[in-house]
Every structure is written in structure tokens, then in C-alpha cells.
Amino acid sequence: MQDISLKEAADALQMSVSTLRRWCDQLEAAGYSFEQSVGGRRRLQAGDIGKLKELQLLQDKDKVPLEEACEMLVIRAVPNETVIDVSAFEQALLLFPKTLYWDGREAAYASLLKEWEQLKKRLGQTESLLEVQQR
């Protein structure tokens, strides 16, 4: 697939690059993920342009606020049965005794706490998606 620059996408959608960036940021905040380059920059694909066009229609035609429109688009992309990957937390639990022995209490606790916080974040995102879907 060929990457589409922000400028090309903005031209295709007839909007400014700064508006496109704001929309992409809002989509990511709602849980949508864009391909990224090694340096962490967004790499837009044809499918992303389609999503952005849907977002544009929701905003212009249906007058749906940006944040709500983004959540609606992300929910459409999420299958009905959402699976949460708990393997990283499971791994941290299994490694806890070794980490405790080799790295000490603070490092073992910090590692486990980090994975727990990430798991809670993933669960929270799923719950918020389900709440919006039920509206």
C-alpha cells in the first residue's frame, strides 16, 4: 500500500492540514490507530482516507460533534466481541518472583504496576466503547 501524505489527504478532503491533524488526533483519542513509520509519524492509507471522509460526512451532513463522530466510527470498526490481551500482565505476574529476587522489591512492584495500569487502560477503553455503543 502506498502512503498518502497529510497534504495530499487534506487536498482530497478539501480541508486544511491543521484540521486534518486535529481530526486524526481525535480519532486516535477515540481508539482508532493509524499505521506509523519507524519514527512514529502517521502513515495514512486509502482506508484511513475513507474513515476521514465518513467523519467529514457525519460532521457536515448530520452535524454530529467531532468527538462523538469519532467514537461512532471507532465503534463501527470494533467487532461485537472485544478481546482484551492480558498476556503482558500475565507475564509480569509470572516473572514477579524472579524480578523480586534479582531487581528488588521496588523494581518488581513497578513492573507489575505498569502492566496493571496498561491493562486497566485497555479495559477502560473497551468499557467506554461499549457505553457509547449502547446509546
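For this structure, a couple of remarks:
- Linear extension gain, Leu100 paired with Asp11, 0.36 nm per residue minus alpha-carbon span: 26.6 nm
- Per residue, the accessible area of the stretch 1-122 comes to 69 Å² when a 1.4 Å probe rolls over the protein heavy atoms.
- Computed lengthening from Asp60 to Gln91, 0.36 nm per intervening residue step minus Cα-Cα distance: 6.5 nm
- Label-point gap, in nm, between Gln26 and Leu113 - each point 7 angstrom along Cα→Cβ: 3.6
- Cross-link check: pairs Lys53/Lys114; Lys63/Lys121; Lys53/Lys121 evaluated at a Cα-Cα cut-off of 32 Å; pairs beyond the cut-off: Lys53/Lys114.
- Here's how it looks for Arg43: its modeled amide H is under 5 Å from those of Glu35, Gln36, Ser37, which are all 5 or more places away or on a different chain.
The values are calculated or read from the model by the stated rules, or taken from the named source; none is laboratory data. Quick caveat: nothing in here was measured; it's all calculated off a predicted structure. All Cβ positions, glycine included, derive from the backbone under ideal geometry; neighbour counts span all protein chains shown. When the accessible area is computed, the model is the full protein with side chains, heavy atoms only, and any ligands, DNA or RNA have been set aside. Shrake-Rupley method; radii C 1.70, N 1.55, O 1.52, S 1.80 Å.
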